[in-house]
1. Using the C-alpha atoms of region 235-339, what convex hull volume per residue, in cubic angstrom, is computed?
2. Determine ³J(HN,Hα), in whole Hz, for all residues of region 34-47 in sequence, where each value follows from phi through the Karplus function 6.51 cos²θ - 1.76 cosθ + 1.60 and θ = phi - 60°; x replaces Gly and Pro.
3. Going by C-beta contacts inside 10 Å, put F361, F101 in order with the fewest on the left.
4. Rg/Rh for region 298-362: what does it come to with C-alpha atoms and Rh from Kirkwood?
5. Could you work out how far helix 82-94 tilts from the main Cα principal axis of the chain, as a 0 to 90 degree angle to the nearest 10?
6. For M198, M226, M69, which order do you get if you count the other beta carbons within 10 Å of each Cβ and list the fewest first?
7. Pop out the ³J(HN,Hα) list for region 285-290 in order, Karplus 6.51 cos²θ - 1.76 cosθ + 1.60 with θ = phi - 60°, rounded to Hz; leave Gly and Pro as x.
8. Roughly how tilted is helix 2-15, in degrees to the nearest 10 and between 0 and 90, from the longest Cα axis of the chain?
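All of the numbers you see were taken from the coordinates with simple rules; none came from a lab. Remember, predicted model here, so these are calculated numbers, not experimental data. Virtual Cβ from ideal backbone geometry, glycine too; neighbours counted across all protein chains shown.
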Amino acid sequence: MKGLSVMMLMVSLVFGFVFAAPAHAADHTLVLGVPLPLTGAQSKFGEMEMRSYRIAMEEINAKGGIKGMTVSLEFHDGQGKPEISRSIAEKLIDLKQPVIFGDYSSSCSKAIAAVANERKVPYLVVTGADDAITQQNYEYVFRLNPSNAYYASGLGSFLVEVVKPASIAILYESSDFGTSGADEMEKYAAKVGMQVLMKEKYEKGAVDFKPVLTKVKSQKPDVIYMVSYVMDASLLMKQIKELRLDAKIFAGGAAGFAIPEFLHNAKDAAEYVVTATLWSPQVSYPGAREFAEKYKTQFGEYPSYHGAEAYSTLYVIKDAIERAESLSPADIQKSMKATKMMTAFGPVRFENKDGYQNQNFMDTLVLQVINGKHETIWPQNSASAKYVYPMPTWRERR
């Protein structure tokens, strides 16, 4: 046993994280480890989610904690690497943490989901959107956010009812999220009669999109749809501006297009870009605006949907643990299965339908950058501003 402890410590040091054993009810503290990308290309998302978890933790502790226990969150840097995220999850399970939640990307979420289901410990996916995650018949894996197939449902409605495009070009990064997002848009285009003129994959972190964008320009699509994380999303729009590449609409598949860093990095090239999103600070869900304002007060800007997902996740975990008969993984799994609640992110209910298991389904929204700010434009009954369409050409802009 002593040798095992030494080995676990050595592995922790190699990967750059150290674990504390979770406290139990007798200690009046519930320690929960959370894997997140705190360094590397996805660290902006990890930072936003960590901040949001902490806001929820402080609120929950101020109201008595979870089952009388003070909640203590410990964040472990997975660096956006699936093998490290899996290792973090394995250590948390070895330390008898009764429920796992967190991480950001689809690839990391998939890695955790596999080990959590194998070890029969419930795992709540917070942001990983690859459809396959909740299509594996995993009994112990639950997902808060809609899957990729549903990300663009609001955007699709906006395109069909307002833009009425005949053609589309799809650009996407070579990740699980990018690939599944592009595939779903291709299916949607076929369904509504949009011709896919090109569908092009690129390696994330590319520094020159001009060759592929020149190809797009020659095709003259009505819609340029991009599934990218923030640095790529920003660079794509900057180079679209440089090439004076016009279209009826520039559209993002959430992720990098829906966070404040996109506005900061792309600057005026971001203006009028529309993007799918799962949430905005303007939604009317109970507690949503209060969370958004609290986040802005502390950090100087509003959170994207990733923050709302993380914030609401801790409340879902609280609800499940408080309804569970015990802190055993099996009892928490049963409690998670029966979840039916409203959060700042929206309604949460884990369902088995349309080939998914333990999946939360909800309506999605559309944002547009107007005067340098993300505004909710669709559906119209949730809008904070009127959409700008037709979109001016680059020549028409100042």
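1. So the per-residue hull volume is 143 Å³.
2. Those phi angles translate into 10, x, 8, x, 9, 9, x, 5, 9, 5, 4, 5, x, 5 Hz.
3. With the fewest neighbours first, F361, F101 line up as F361, F101.
4. Value, to two decimals: 1.05.
5. For 82-94 against the chain, the angle is about 20 degrees.
6. M198, M69, M226
7. These are the phi-based 3J(HN,Hα) values: 4, x, x, 5, 5, 4 Hz.
8. 20 degrees
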